[in-house]
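For reference, the structure discussed in these notes is given below.
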Amino acid sequence: MKPLTNEQIRAVIAKGKFRDNVFKATGIFCLALALLVIVALIADMVIKGADRFTIDFFMNFASRRAKDAGILSAWVGSLLVMLVTALAAVPLGVAAGLYLEEYAKRNWITNVIEINITNLAAVPSIVYGLLALGIFVYQFGLGQSILSAGLTLALLILPIIIVSTREAIRAIPAMIREGSMAVGATRWQTCRYHIVPYAMPGILTGVIIGLARAIGETAPIITIGALTFIAFLPPAPFMGEPAAGLFDWVMAPFTVMPIQIFNWTSRPDPAFEVNAAAAGFVLMAMVLSMNAVAIYLRYKMRKKIKW
Amino acid sequence: MFKYSKLVSALAVAGVSLFGAQAVQAQAQIVKVDGSSTVYPITEAVAEEFQKAKKNAIKVTVGISGTGGGFKKFCRDEIDISNASRPITEKEMADCKAAGVNYVEMPVAYDALTIVANPKNTFLKEVTVAEMKTLWEPAAQGKVMKWNQVNPAWPDAPVKLFGAGADSGTFEYFTEAMVGKAKSSRGDYTASEDDNVLVQGVSRDVNAIGYFGYAYYAENMAKLKGVPVVNPKTGKAVEPSAANVENGTYAPLSRPIFIYVKVKSLDKPEVKEFLEFYMKHGAKLTKEVKYVPLPAAAYTGNIDHVNKKKYGTVFGGKNEIGITIEELMKREAKM
């Protein structure tokens, strides 16, 4: 075989570099396209809904007049439902993920559980709604309440949290565990002081992805019977009439942002489209700010990790 | 280990009893309404004004789960008032009876299903029920695709159909009135539960024709052309308008819409007050949300039925096509 001449080598390199650049350009194009879509979407909502970005819009209840209609009951409802969802799903999901990774024996039962969790992540949300209608609303008698909705969405995002917890735990080098055990820590102490803190950034990402999905869900919430017109807020802790307890709000009827938006887009009066656009932007802002908080926390926590 | 599980179960019991007790308390002052999306704008307007008038001392919630969904909850004893865009059916009557739910039927307004075309459409001056049957019946699927197949005087152009989704009361009524059998329709048309999708569709296509509730036409008159429908009784084409619904000439696409009130709920002062408010201000608010109000006597008659304990329906479980306001009033009076 004849050795390649310098020209030939240069040609091969140039060809490789050209392909490299083509791929790079394609990648940038795809990214730009995705960004363009989201920017266009947000810009469209901002422009259409510009008239409604006032304090009143956030502080008014729904109304038959587009100008008076606001999202007070919707954003309060969405936040409270998210709170219940997070309180229910995060401890359960993290504990389940931790158990499967650190405690469970590798046998067929564990395998079945694992396969099922992965499958659950792909179940359409409406199915969760039907399940929740039967179990939470009627069987447990929780009614069409914030608690029912929060638990329903918790079920929906539980697989996401479990899977991301496990991924995060798996990324921790085995020597951390071994080191901890070697100095006499029990399994629980190892989890408590090493595994969970180190896995926290990854867990947090999963939690936020889950909550961001939950906040936009409409189908299961409609299925369990969220309302469309509701011009009062759930009772605040220790306030309201008659004097409410700390947790009275969990049993209150409610509505959420996606339902309000859907209702506005389907009304005869075109003026409501402005409200829908504005509310859409608010929902978007809620999701983005949740993501921002997650990114910030992840950054702070990563800095603390010292292997 | 045992200590923990005991503690957890004690907490659980305490929690459930706490929530349970408060759930009852929280319900005490709430009037619960659910059902049809067609009736929703009226009930919502009344609820809004009522809460303002009562300074929020009484709370009203209104949901949208469709006429059928509303009656399911109503007969399961979950809500006080059911919004309905058609009279209660025989099956629903049986369900309510089985659950011991008695009710007062209250017509609150009239709606006019409106056949609409694109404003640029010049040939569509009027339509007959027979023409609509030719166009919409199941046999037309895949066959009647051009305007001149319906009426030779119309052009040789494709016809684009827009209509209500199969779960809505609008679909049920339109098919029964035009095709002759409820829910019997061709399937190859753009169907949507969201009427604004239909408004957009018809306003963008010269060859389009569609149907939906009058309110959507009234709010979008600049983008749509309401097609007069020939009244089979008089043979005259009648335009869709509030006046023509009131005088009974816009038939057979005029229909009454109702609320059904649970008799048991009438014992609750807040429900009774809400109804009195509804019947007193219903006519004005109905007009505001672009429906056709009933004569004053209809609203006072509804309250009369409550006071004289006249319960049940005047329709006998059947949906009737083309009943005019006058006929409805006579029937309600006879009850």
>> Which condition from (1) more than 17 Å from the chain's Cα centre (by Cα); (2) closer than 23 Å to A:M301 by Cα; (3) surrounded by fewer than 22 Cβ atoms within 10 Å (Cβ to Cβ) is the one that A:G97 breaks?
In response: (3)
> Can you name the residue in the range A:54-81 that is closer than 16 Å to A:T218 by Cα and touching a Gly at 6+ places or on another chain (Cβ under 8 Å) and is also nearest to the other protein chains (Cβ to nearest Cβ) among such residues?
Replying inline: A:L80
> Is it true that A:G225 is within 13 Å of chain B (Cβ to nearest Cβ) and in contact with a helix residue (DSSP H, G or I) (Cβ under 9 Å, 6 or more places away or on another chain)?
Replying inline: yes
> within 14 Å of another protein chain (Cβ to nearest Cβ) and not hydrophobic (A, V, I, L, M, F, W, C): does that describe B:N231?
Replying inline: no
> Being farther than 28 Å from B:Y291 by Cα and surrounded by 14 or more Cβ atoms within 10 Å (Cβ to Cβ), is that true of even one residue in the range B:119-135?
Replying inline: yes
> Quick check, is A:L283 surrounded by fewer than 23 Cβ atoms within 10 Å (Cβ to Cβ), more than 7 Å from chain B (Cβ to nearest Cβ) and closer than 19 Å to A:R64 by Cα?
Replying inline: no
>> Kindly evaluate A:R65 against the criterion of being over 27 Å from the mean Cα position of the chain (by Cα), under 30 Å from A:R267 (Cα atoms) and not small (G, A, S).
In response: yes
> How many residues does the range A:59-78 hold that are outside any loop (DSSP other than H, G, I, E, B) and either in contact (Cβ under 8 Å) with a residue 24 or more places away in the chain or buried (at least 18 other Cβ atoms within 10 Å of the Cβ) (or both)?
Replying inline: 7
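Is it the case, given these coordinates, that A:A244 is modelled with pLDDT of 85 or more and buried (at least 16 other Cβ atoms within 10 Å of the Cβ)?
Values: modelled with pLDDT of 85 or more: no; buried (at least 16 other Cβ atoms within 10 Å of the Cβ): yes.
It is false that A:A244 is modelled with pLDDT of 85 or more and buried (at least 16 other Cβ atoms within 10 Å of the Cβ).
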> Is there a residue being within 13 Å of another protein chain (Cβ to nearest Cβ) and on the phi > 0 side of the Ramachandran plot anywhere in the range B:273-289?
Replying inline: no
>> Residue under question is A:M59, and the condition is that it be aliphatic (A, V, I, L, M), over 30 Å from B:E288 (Cα atoms) and in contact with a Leu (Cβ under 7 Å, 6 or more places away or on another chain); does it hold?
In response: no
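Filter the range A:125-157 for residues that are outside any helix (DSSP H, G or I) and touching a residue at least 40 places away in the same chain (Cβ under 8 Å); which is surrounded by the fewest Cβ atoms within 10 Å (Cβ to Cβ)?
A:G143
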> Is it true that B:A166 is in a loop (DSSP other than H, G, I, E, B) and among the small types (G, A, S)?
Replying inline: yes
> Which number in (1) at negative phi; (2) in contact (Cβ under 8 Å) with a residue 12 or more places away in the chain; (3) out of contact with any strand residue (DSSP E or B) (no Cβ under 8 Å at 6 or more places or on another chain); (4) not hydrophobic (A, V, I, L, M, F, W, C) marks the one condition that B:P152 misses?
Replying inline: (2)
> So which of A:I55, A:I38 is surrounded by 10 or more Cβ atoms within 10 Å (Cβ to Cβ) and either on the phi < 0 side of the Ramachandran plot or touching a residue at least 60 places away in the same chain (Cβ under 8 Å) (or both)?
Replying inline: A:I38
> Checking B:I323 against (1) part of a loop (DSSP other than H, G, I, E, B); (2) farther than 20 Å from B:A177 by Cβ; (3) in contact (Cβ under 8 Å) with a residue 60 or more places away in the chain; (4) not small (G, A, S), which test does it fail?
Replying inline: (2)
> Can you name the residue in the range B:243-267 that is surrounded by fewer than 18 Cβ atoms within 10 Å (Cβ to Cβ) and part of a helix (DSSP H, G or I) and is also farthest from the chain's Cα centre (by Cα) among such residues?
Replying inline: B:D267
> Has the range A:108-120 got at least one residue that is surrounded by 15 or more Cβ atoms within 10 Å (Cβ to Cβ), within 18 Å of the chain's Cα centre (by Cα) and more than 19 Å from A:G225 (Cα to Cα)?
Replying inline: yes
>> Which count do you get for residues in the range B:68-106 that are over 14 Å from B:G317 (Cβ atoms), polar (S, T, N, Q) and buried (at least 17 other Cβ atoms within 10 Å of the Cβ)?
In response: 3
>> Can you tell me which residue is farthest from the other protein chains (Cβ to nearest Cβ) among those in the range A:253-274 that are closer than 25 Å to A:F136 by Cα and touching a Gly at 6+ places or on another chain (Cβ under 9 Å)?
In response: A:M257
>> Consider the range A:71-94. How many of its residues are closer than 15 Å to A:G206 by Cα and touching a Ser or Thr at 6+ places or on another chain (Cβ under 8 Å)?
In response: 2
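Each row is one residue, and each column tells you yes or no for (1) in a loop (DSSP other than H, G, I, E, B); (2) within 14 Å of chain B (Cβ to nearest Cβ); (3) not charged (D, E, K, R).
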site	(1), (2), (3)
A:P159	no, no, yes
A:E167	no, no, no
A:I172	yes, no, yes
A:G179	no, no, yes
A:Q189	no, no, yes
A:T205	no, no, yes
A:F232	yes, yes, yes
A:L246	yes, yes, yes
> Can B:G187 be described as surrounded by 18 or more Cβ atoms within 10 Å (Cβ to Cβ) and outside any helix (DSSP H, G or I)?
Replying inline: no
> If you scan the range A:196-205, which residues turn out to be touching a residue at least 60 places away in the same chain (Cβ under 8 Å) and under 14 Å from A:S164 (Cα atoms)?
Replying inline: A:V196, A:Y198, A:M200, A:P201, A:I203, A:L204, A:T205
>> I'd like to know if the range B:208-218 contains one or more residues that are assigned to a strand (DSSP E or B), facing chain A (nearest Cβ under 10 Å) and either within 27 Å of B:I323 (Cβ to Cβ) or not acidic (D, E) (or both).
In response: yes
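The values are calculated or read from the model by the stated rules, or taken from the named source; none is laboratory data. Note that the structure is predicted; figures quoted are calculated from it, not measured. Positions of Cβ are backbone-derived with ideal geometry, glycine not excepted, and every protein chain shown enters the neighbour counts.
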